[in-house]
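Working notes, beginning with the structure itself.
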Amino acid sequence: MNSSQLFGITTLAYLLSSAFYLALFVFKNRKLGSVASLLAIAGVLVQTVALGLRWYESYQIGIGHAPLTNMYESLVFFAWCTTLFYLFMEFRFKARVVGAFVMPFAFVAMAYASFAKGINQEISPLIPALQSNWLIAHVITCFIGYGAFAAAGGLGLMYLLKKRANNRNLSAETLTGSLPELRVIDDLIYKTIVFGFMWLSAGIITGAVWANEAWGTYWSWDPKETWSIITWFVYASTLHARFTRGWSGTRIAWLAIIGFIAVFFTYFGVNFLLSGLHSYGAS
Amino acid sequence: MTKKKKNPVWAFFASVKLALFLLFVLAGTSIIGTVVPQNEPAQFYVQQYGASTAAFMQRLGVPDMYNSWWFLGLLALFCLNLIVCSLERIPQAWRLVTRDNLATPVDRLRKMGIRKEVLLKHPLAEAEKEVASHLASHGWKTGRRAVDGGTLLFAQKGAWTRFGVYIVHTSILVILLGAIIGSPTVARKILRSPNFAFKGSVMIPESREADYVWAFQTHEKINLGFTIRCDYFTIEYYANGMPKTYLSKVTILEDGKPVILKDGKTTHYLKVNKPLTYKGVTFYQASYQPYPDFIVTLKNETTGATRTSIIPAGKQINWPDIGASFGIINRETLGEVVRRVKIWFTDNKDKPSRFWIETGREAIIERPSGNFSLMTKQLYATGLQVTKDPGVWFVYVGCGMMLLGLLVAFFMSHRKVWAFLHEEKEGETVVLLAGSANKNKLGFEKRFASLVGSLQR
C-alpha cells in the first residue's frame, strides 16, 4: 500500500459519500444519510493515514517535508480540511443534508488533483524559500479557513434553493423539503463565516510573518497576497453588514457565495492566471 | 443617546455604510493591481496597452497603484472611518459594561426570554444566602440590593468582551502605524533620514566587504555604519539538480574587527529563511552572481607550503614558492555555475598533467616531486537583501491583537444573571432567575438551565 493508492480510495469514498448525500437530499431516506456520513468518515480516516504515509514516504526518499508543498498536495489537503470541517458541523449541528452541498467540493478537489493534466503528483524536494517551519502553520491556517468558506458557500447555495422553493409556495414534500429551515441555514452560514474569517486572518498573518523571515517584507502586494486581502475585505463587509445593518437571509447567502468565489480565485485563479511568489500551481 | 445634533461631517465618518462602501471599494480596486503588472518600466505599459491607455494609467498611478495617491487616500479614509466609528460606539459599549444592573425593574425580568422560577422552603434571608453562594460556586459573584418587595441579586461575566471588536479595530490601526514607521518613503521624504528605515540590496563577492547598500527604487547609497564581509558563498543541490541551499558565510566588522554576535560567534551562516539581524538591520540571502574567476588553494604536501588566491581561467599561473605552475583550461557548466574544471598542472619535472576535477572538492595530484593538494572553487558574489524596518514589531503586535480581538469578539460573550427573591409565605421564598447573553444565546440557555437545575436539587 502506498499513499497514492490510499488517496485513490479516498477519492472513491468522497464520490460515493457525495452521491449518498445527494440521494438523501432527493429521497429523504434517513438510512442513505447514515451511509453518506459513514463513507465521509471512512474517507477522511483513510486520507489521514495517506497524508501521514506520504509524509513518511518523503523521508524515505531523503527529502523529508510535510505534504503541503505543491498544487497536488494542497488540493488533497483542501479536501481533507473541507471534509473534516463538514463532519464537525454535521456532528455539532445535526444537519446531515448539508453534506449534499459540501462533500462534492471535497470530491472535486481530490478528483482534480488526481486526474487533471499538469498536476505533478510526485513528492518533490523543497526549494530553499519553502524550507521554513512557517510553511506548516501558514498552510494549515489558510486551508482550515478555505474549508470553512467552502462549506459557507455550499450553505449559501442551499439557502437560495430553499428560498426559491418557498417563494413558489411549493409544499414541504418537494425537493427542498428535506433541507433545514431557512433560519437554521442562515445561522449556520453566519457561524461558518465567523469561523473561517478567524482562520483566514491567522493564515494571512502567518504568511506575513513568514514573508518577513524569507524576504524581509511582510507585505508586498503580490497577487496572492492581494487576493487574500480582497477575500478578507469581502468577509469583513459581510460580517459588518450582518452585525450593524442586520443583513440576513438572501443577502448573506449571496455574500457567502461571492466570498467563496473570491476564495476560489485566491487559491486557484491566482496560480493559473496571474504570476507571483505563490506560483506552485505551475508545477 | 445625546440629544444635541450631530455634526454632519462627523456623522458621515461615523456611518457603517461608509465602512461597507470602503471595504467594497478597497476590495474592488485592489483587483486592478493583480491584473496589471506592477512596477514595470514605462515602456512596458506602452507596448502592452498602447500609448494613450498607458498615459492614462500613468496619470492614475496604476503601474504602482498600491502606493498611488488615490489608493493611499482610500486607506486613509478607511482609517478615519474606523477611528470615528469606534469613538462613536465605545461610549455605548462603556455604558453597557458599567450599567447598574441592580436597577433593572423586576417587571423586565419577568419578560426576559431566559428565566425560571424556583421555590425555596426557607425564609428570605436564608434563601438569599443559599442562592448567592450557589451562584458564587459557579463563578457568578453577585451584588445585592433590597428592592420593593424583596431582594435583587445580580452577577455578570465577560462584560469586557464588548470591547473585543474595538481591539480588532485598534489592531488594524496599529498594523498601519507599523507600516508607516517602517516605510522607506516616509523615512526619506518626511523624516529626511533614509537610514531610519530602508530596503535595499548589495552584491558582495567572496572575501570582499561592504559598508553600504543600494536602496530599492531610488538607488540611493545608504551607509550601514558597520561592515559586512562575505567569507564564502555556496549552493548545494538535490540529487535531481534542484537547488537545495543557498548559503553565505558572513562576518560583521566594526572598525575592521570581527564582532561577536548574539550566539557567541563571529561568523554567521545566512540562508533563505535564516536571516541575520545586527543593529536593527536584517540581511537576507536573496540572490547570487557567479564570476568567471576561481579561488584556488594549492598545497605542497611535501614542504607544507600553501597559497590561496583568486585567479582567472585560461591563464598560466606560476607559484614558485609552492613549486608548481598550473592553469584552468576548460570548464563544464550548468547555466553560469561551473561544476567541473579541467586543470593543466606541472611541477616542472616530467610532462604536465591534464585532468578534470569537481569544483569545491579537494584533489590530490601525484607528481614526480611529491603530492600536491588542489582545490578550486568558482568565485561568487552573494546577493543580500538588506532591510531596516523599525515598524515591524508594531505590525506583529497589531497582528497578535487582531487574533485576540477576533477571538473575544466572536467567541466570548457578555452574560448576565439576575435573581429576584421575595417571601411569599412565611418561610417560603420564590426565586425568579433571569439571564441574558449578547452572543451564543443557545449555549447560554443550556448553561442557565443547568445552573437553575442544580439550585432546585
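What follows draws every value from the coordinates through simple rules; no lab data is involved. Just so we're clear, the structure is a prediction, and the values are computed from it rather than from any experiment. Note that we place each Cβ from the backbone using ideal geometry, even for glycine, and neighbour counts take in every protein chain shown.
Modelled spin labels at residue B:449 and residue B:83, positioned 7 Å past Cα toward Cβ, are 4.9 nm from each other. Only Cα pairs under 8 Å and 6+ residues apart enter the sum, and on that basis the relative contact order of chain B stands at 20 percent. Extension gain for the segment residue B:293 to residue B:90, taken as residue separation times 0.36 nm less the Cα-Cα distance, is 66.4 nm to one decimal. Bridgeable aspartates and glutamates around residue A:162 (alpha carbons under 20 Å apart, same-chain partners fewer than 8 residues away excluded): A:90, A:173, A:181, A:186, A:187. Summing charges over all other residues whose Cβ lies under 12 Å from the Cβ of residue A:160, with Lys and Arg as +1 and Asp and Glu as -1, gives +3. Rounded to the nearest 0.05, the FRET efficiency derived from the C-beta distance between residue A:121 and residue B:403 at R0 = 35 Å is 0.50. Rg and Dmax over the alpha-carbon atoms of the range A:127-283 stand at 18.0, 61 Å. A Förster radius of 45 Å, combined with the Cβ-Cβ distance separating residue A:1 from residue B:411, puts the computed FRET efficiency at roughly 0.65. Taking Cα centroids, how far is the range B:11-32 from the range A:90-129 in Å? After rounding, the separation between the Cα centres reads 34 Å.
In sequence order, the range B:325-330 has phi-based couplings of 10, 7, x, 9, 10, 7 Hz under the Karplus curve 6.51 cos²θ - 1.76 cosθ + 1.60, θ = phi - 60°, and Gly or Pro positions carry x. Ranking B:198, B:149, B:177 by Cα position along the charge dipole of the range B:142-252, where only Lys, Arg, Asp and Glu carry charges on their C-beta atoms, puts B:149 farthest toward the positive end.
Note on the range A:1-118: percent of Cα-Cα distances in each 10 Å bin, starting at 0 and stopping at the bin with the largest distance, equals 15, 45, 27, 11, 2, 0. Summarising the label geometry, the points placed 7 Å from Cα in the beta-carbon direction at residue B:325 and residue B:236 lie 4.1 nm from one another. Net charge in the neighbourhood of residue B:370 (other residues with Cβ under 14 Å of its Cβ; Lys, Arg +1, Asp, Glu -1) is -1.
Dividing the convex hull volume of the alpha-carbon atoms in the range B:101-255 by its residue count gives 347 Å³ per residue.
For residue B:130 and residue B:333, the difference between the fully extended length at 0.36 nm per residue and the C-alpha to C-alpha distance is 64.3 nm. Enumerate the aspartates and glutamates that residue B:315 could reach by cross-link, defined here as Cα to Cα under 20 Å, with residues fewer than 8 away along the same chain left out. Counting by Cα, and skipping residues close in sequence, residue B:315 has these aspartates and glutamates nearby: B:293, B:332, B:336, B:347, B:358.
Between residue A:272 and residue B:226, the distance separating the two model label sites (each 7 Å from Cα on the Cα→Cβ line) works out to 5.0 nm. Considering only A:235, A:56, A:146, the Gaussian network model of chain A with Cα springs below 10 Å gives its largest mean-square fluctuation to A:56. Charge tally around residue B:107: other residues with Cβ under 14 Å, Lys/Arg +1 each, Asp/Glu -1 each, net +3. The mean sequence separation of alpha-carbon pairs under 8 Å and at least six residues apart, normalised by the residue count of the range A:185-248, gives a relative contact order of 32 percent.
Averaged over peptide A:141-147, the number of partner chain Cβ atoms lying within 10 Å of each residue's Cβ comes to 0. Per residue, the Cα convex hull of chain B amounts to 273 Å³.
Farthest toward the positive end of the dipole of chain B, out of B:277, B:11, B:238, is the Cα of B:11, where the dipole comes from beta carbon charges about the Cα centre. Once the C-beta distance of residue B:356 and residue B:318 is scaled by a Förster radius of 30 Å, the resulting FRET efficiency is 0.85 to the nearest 0.05. Under a 5 Å amide H cut-off, with hydrogens placed 1.01 Å from N, residue B:302 pairs with B:371 among residues at least 5 apart or on other chains. Computed over the range B:204-382, relative contact order equals 18 percent, with contacts defined as Cα pairs under 8 Å that lie 6+ residues apart. For chain A, the Kirkwood hydrodynamic radius comes to 19.5 Å, computed from all pairs of different C-alpha atoms. Amide H of residue B:208 versus every other amide H placed in the peptide plane: which residues, excluding those fewer than 5 positions away on the same chain, fall under 5 Å? Close amide H contacts, sequence-distant or interchain: B:230.
For a straight C-alpha distance cut-off of 17 angstrom, the lysines reachable from residue B:129 (same-chain residues fewer than eight places away being disregarded) are B:121, B:141. Structure remark: mean-square fluctuation, Gaussian network model of chain A, C-alpha springs under 10 Å; the largest value among A:273, A:12, A:68 belongs to A:273. About its Cα centre, the protein assembly as shown has a charge dipole of approximately 2260 debye under the convention of +1 per Lys or Arg Cβ and -1 per Asp or Glu Cβ, with nothing else charged. Computing Rg and the Kirkwood Rh from the Cα coordinates of the protein assembly as shown gives a ratio, Rg/Rh, of 1.08.
The fewest-to-most ranking of B:250, A:108 by surrounding Cβ atoms within 10 Å reads A:108, B:250. The calculated pair-distance distribution of the range B:204-382 uses every alpha carbon pair, bins of 5 angstrom beginning at 0, and gives 1, 7, 14, 17, 15, 13, 12, 10, 6, 3, 1, 0 percent. Simple rule: put +1 on each Lys or Arg Cβ and -1 on each Asp or Glu Cβ in the protein assembly as shown, find the dipole, and look at B:434, A:160, A:98; the Cα lying farthest toward the positive end is B:434. For B:431, B:118, the sequence from fewest to most other C-beta atoms within 10 Å is B:118, B:431. Among B:169, B:122, sorting on how many other beta-carbon atoms sit within 10 Å of each Cβ, with the fewest leading, yields B:122, B:169. Full extension of the chain segment joining residue B:192 with residue B:363 gains 56.1 nm, where the gain is 0.36 nm per residue of separation less the Cα-Cα distance.
Listed values for the range B:279-285 are Karplus-derived 3J(HN,Hα) couplings in whole Hz (6.51 cos²θ - 1.76 cosθ + 1.60, θ = phi - 60°), namely 6, x, 9, 10, 10, 10, 5, and x replaces Gly and Pro.
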